[in-house]
Each structure stands twice: as C-alpha cells, then as structure tokens.
Amino acid sequence: MIPHSRPLPRTPLLGRYHDGTCYGVGHTWHPSCLYCFLELFYYVYVGALKVYAPLYLVSDILRSRTLKATLFQTVPYILRSSLFLAVNASGFIGFLCLFRRLIGRFYFPLIAYAPAACASLCAIVVERKSRRGLLTGYVFTLAVECLYRMFKYRGYITPIPYGEVMLFSAASAVLLPAYRSKQGLHDAIGSVLNVLFHPLYPKGVARFVESIRKGAVTKWRYMGYMTVRLALLSLWCYLVGYVTQVALGLLSSGTKVFKRWTRLKSVLFNWYNVRFGAFLAVNIGGFKLLEVLLLLLPVDHNTRMTLAALVAGLAMATIRSSAISLYAATKALEVVYFKAVKKGWARSCYYGDVILYSLSTALLFHTAVFEAHNMRHSYWRFLVGVTNGRIGQLNWEEVDRFDTHSSLQHRTPTTSPATNDDSVVT
C-alpha cells in the first residue's frame, strides 16, 4: 500500500515540500527504484525501435542506399536514436528518485522540471549532433505552445482571431526568401521545400513541358508555358501533402487499419488530408504566381520574394494549424538569429541546442505532470504509448498536495487529459 504523507504547509509554491517517497509519488507500480528505472528503459527502448526503424529504413529505400551502408551506418543510427529516447524517459524516474534520496523530500521544482532537465541533458548528449538541431526545434515549438496554452488558460492573454494565419504568413516571408537565396536552407525545412519546388514529372509530362518551353517565342506563348508549370507545380504540392498525411495516418493506425474497410476509408478520405494538400498547393503555387506577377512592379528581387511569400502564407487559412505556424515561426527565428550572428549583431552559443532542448523538454514533462490539459493531445498519447502507460500511473492525488489539481485531468492511469488539440499528425 502506498503511504500518504502529512498535509503541505501553507507556504509559497516554490518553497513547499512533500515528505512522500518516490514510490508513493512516482513509480507507484513497484517499490524498487532500480527495477522501475530498468523496466522503463526497456519499454521505451523497444518502443523507440518500432518508431525509428521504419523511418530510417524507408528513408534509405527512397534514397536508394546500398545494403552495406544500411547495415553499417543506418542500423547504428537506429540503435543510437532509440537509446537517446530511452535515456530521456527512464532518466526522468532515475533523477526523481535520486533527488528524493539526496534531499529527503520533494520540492515543487523537483517533482518534474529538475529531473526532466537532467535526464534531457544526458539524453541529448547521446544523440548524434546532426539531429540535435531538429530535435531542439521540435520540442521548443511544443514548449512554446504549452506556454501559450498556460497563459490562455489563466486568462493572461487573449487569442487573436486568425493569429496562426498571420504568424505563418510572417514566417513564410522569412523562410521562402531565405530558401531562394544563394545560401539556401540546409535543414529539415530546406529538404521539404526542395521536394515541393522540384516536382518529379513522368517522362511524357516532362517532354510536353519542354516542348512548350521551346515554343514559347512570343509573350502569350510564354504566359501559357508559365501557366502550365504553375498548374503542374500546384498539383504536385497537393499530391505530396495528401500522400504524406495518408502515410502518417496509416503508420499511426498500424495493422488495424487493414482489418476493417471503414478504418482504411477514414484514413484515405479524411477531409483534413484534402485540406492539407490544398494548403501546400496554394502556398507554393501562389508564391510562384505572385513572384511572376510582381515582376510588373519596379521593386528589387528580395522585396518581390518577401511580398510574394507574405501573401502566399495566407494559405494557412485552409487548415489553421497553430502547430505548423509555431514550427514555421521557430525556424524563421532560427534563420534570423543565424543571420544576426553572421553579421556580428548576436553571439553564437556552442551548446545552445543542448541547453534549449533540456529546458524545453523539462517544461513538457512539467506540463504533463501538473497541467496535462495544456499539452497537445497527440504528444500526451505519445508519452503514454512510449512508456507503456507508466507515465499515467503517477500518484496524482499526492501531486495535488501542491494545489495543482492534477488529478482532475487524470481520472484513470491511462486516461488522456481533456484538452483541445489541432488535428495534426506529429
């Protein structure tokens, strides 16, 4: 039986302490700290292998890598990335128990934030340096979204109508001109834009487009050639968006989707998949169209691209996803920051990605423990799934002694917190 501790003294939140044990608060499923640490490490490592192995192998197939490169390079990458995720999750319980044994009680920051920060610091060092920036950008976006929901929940801020559309439009005005510049973008955003701006045509379509280009000797024929190119580019972007969302839906559903036609139908004919494809088509195709039309104005090349990207970013109105808008804004800030460093306006921090990842992930764990209703529903489901439901077995009644009312969001150990979420597959 899990022991209960005496009531907390009425002191400021950061100064309150809890005399409960790590078994009574954290790993309630078993009294041994070492056993729970190793068990959680095993669960997360196996779960991470199931996630990373298909992603890495499909990427190798698309890039036509040799079997030797897959065995001696990709397989170690899979094992290392899985180890990173296992260290991050199991380290949370490990540092939770360590702080309890060193200090003898729980203080509010030692329940979630401090253990998660230490575990994240150990985990990100394990991961390859080439992936640290991508992981940092992802968790930083989630952390900013959690902060936004916290402030909104407390009434500190008021949502702006179509704020996600305006945010994405401003981010596009930074990212698209940066991609078209001489330096380009060499991260995940750059890879995505490379796929969108360079469509793969069948040989017959490619010959047809080339014949139109060679025959565009007059102004009107050239306009016809540009119309065909824009139409094909928009169609390509639509197909990329739709197929990507369908593939993500099939991966998230697993083998269950093939057992019943209704489940497969719900994935193939999901209205969000159609809108996501339309969003990419309008955004990229509109950018190219506006860039051509703005040639009529006496403005320089950079101004023309910025204006075209700013207007094309209004395509976000088709899906209105705060998650995509925040991620684009984060990458835009990264582009601006690196430009400022290059010009000497800001200083570069060598371990900035490590520190930012640790602090952002710690905030996510803090939100999952104390304010799960302010966390994106898809990320909470990921935490529950990758830990085999262990994160849902914390003693929420004991956590409530800090007056956070966490138990109201966790009626049962594996119940998802009540929250409003974007219909975005992450």
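The residues of the stretch 294-306 that are exposed (fewer than 12 other Cβ atoms within 10 Å of the Cβ), part of a helix (DSSP H, G or I) and over 30 Å from the mean Cα position of the chain (by Cα), listed by number, are Leu295, Leu296.
Here the stretch 137-153 is the region considered, the condition is being closer than 11 Å to Asp353 by Cβ and modelled with pLDDT of 90 or more, and the residue that is surrounded by the fewest Cβ atoms within 10 Å (Cβ to Cβ) is Val139. So if I check each of Ala309, Ala328, Ala332, Ala323, which one is in a helix (DSSP H, G or I), over 20 Å from the mean Cα position of the chain (by Cα) and among the hydrophobic types (A, V, I, L, M, F, W, C)? From the options Ala309, Ala328, Ala332, Ala323, the qualifying one is Ala309.
Is there a residue in the stretch 333-344 that is closer than 22 Å to Gly133 by Cα, hydroxyl-bearing (Ser, Thr, Tyr), touching a residue at least 12 places away in the same chain (Cβ under 8 Å) and out of contact with any Gly (no Cβ under 6 Å at 6 or more places or on another chain)? Checking the stretch 333-344: not a single residue is closer than 22 Å to Gly133 by Cα, hydroxyl-bearing (Ser, Thr, Tyr), touching a residue at least 12 places away in the same chain (Cβ under 8 Å) and out of contact with any Gly (no Cβ under 6 Å at 6 or more places or on another chain). Is there a residue in the stretch 77-91 that is assigned to a helix (DSSP H, G or I), β-branched (Val, Ile, Thr), touching a helix residue (DSSP H, G or I) at 6+ places or on another chain (Cβ under 8 Å) and at pLDDT 90 or above? Checked against the condition, which is being assigned to a helix (DSSP H, G or I), β-branched (Val, Ile, Thr), touching a helix residue (DSSP H, G or I) at 6+ places or on another chain (Cβ under 8 Å) and at pLDDT 90 or above, the stretch 77-91 yields at least one hit. Applying the condition of being in a helix (DSSP H, G or I) and of a type in the set (D, E, K, R) to the stretch 94-127 and asking which residue is surrounded by the most Cβ atoms within 10 Å (Cβ to Cβ) yields Arg100. Kindly evaluate Tyr138 against the criterion of being farther than 30 Å from Pro76 by Cα, touching a helix residue (DSSP H, G or I) at 6+ places or on another chain (Cβ under 8 Å), aromatic (Phe, Trp, Tyr) and in a helix (DSSP H, G or I). No: the conditions fail for Tyr138. Scanning the stretch 23-50 for residues that are without any contact (Cβ under 8 Å) to a residue 60 or more places away in the chain, over 30 Å from the mean Cα position of the chain (by Cα) and assigned to a helix (DSSP H, G or I) gives Tyr23, Leu34, Tyr35. Just to be sure before I move on: is Gly344 outside the structural domain of Arg131 (by TED's automatic domain parsing) and in a helix (DSSP H, G or I) in the structure I sent? Answer is no for this residue.
Listed here are the helices (runs of 4 or more DSSP H) enclosed by the stretch 158-258 that have at least 2 residues being closer than 29 Å to Thr330 by Cβ, touching a helix residue (DSSP H, G or I) at 6+ places or on another chain (Cβ under 8 Å) and at pLDDT 80 or above: 163-180, 188-197, 219-253.
The set of residues from the stretch 93-127 being charged (D, E, K, R) and modelled with pLDDT of 90 or more comprises just one member, Glu127. Against the criterion of being within 30 Å of His30 (Cα to Cα) and not in a helix (DSSP H, G or I), Thr361 does not qualify.
Are any of the residues in the stretch 332-350 out of contact with any His (no Cβ under 7 Å at 6 or more places or on another chain) and closer than 13 Å to Val139 by Cα? So far as the stretch 332-350 goes, no, none of its residues is out of contact with any His (no Cβ under 7 Å at 6 or more places or on another chain) and closer than 13 Å to Val139 by Cα. Can you report the number of residues in the stretch 16-55 which are within 26 Å of Glu127 (Cα to Cα), surrounded by fewer than 18 Cβ atoms within 10 Å (Cβ to Cβ) and in contact with a Ser or Thr (Cβ under 7 Å, 6 or more places away or on another chain)? Of the residues in that region, 1 qualify. Comparison of Ala312, Ala308, Ala323 shows that the only residue that is at pLDDT 85 or above and closer than 26 Å to His377 by Cα is Ala323. From the list Val209, Val144, the one residue that fits, being farther than 25 Å from Arg63 by Cα, of a type in the set (Val, Ile, Thr) and not assigned by TED's automatic domain parsing to the domain that holds Tyr357, is Val209. Answer with yes or no whether Tyr156 is among the hydroxyl-bearing types (Ser, Thr, Tyr) and crowded, with 17+ Cβ neighbours inside 10 Å. In short, no.
Out of the stretch 129-142, which residues are touching a residue at least 24 places away in the same chain (Cβ under 8 Å) and over 10 Å from the mean Cα position of the chain (by Cα)? Once the filter is applied, which keeps residues that are touching a residue at least 24 places away in the same chain (Cβ under 8 Å) and over 10 Å from the mean Cα position of the chain (by Cα), the stretch 129-142 yields Arg131, Arg132, Gly133.
The values are calculated or read from the model by the stated rules, or taken from the named source; none is laboratory data. Given the structure is predicted, the values throughout are model-derived calculations rather than measurements. Every residue, glycine as well, gets a Cβ built from its backbone with ideal geometry; the counts of neighbours run over all protein chains shown.
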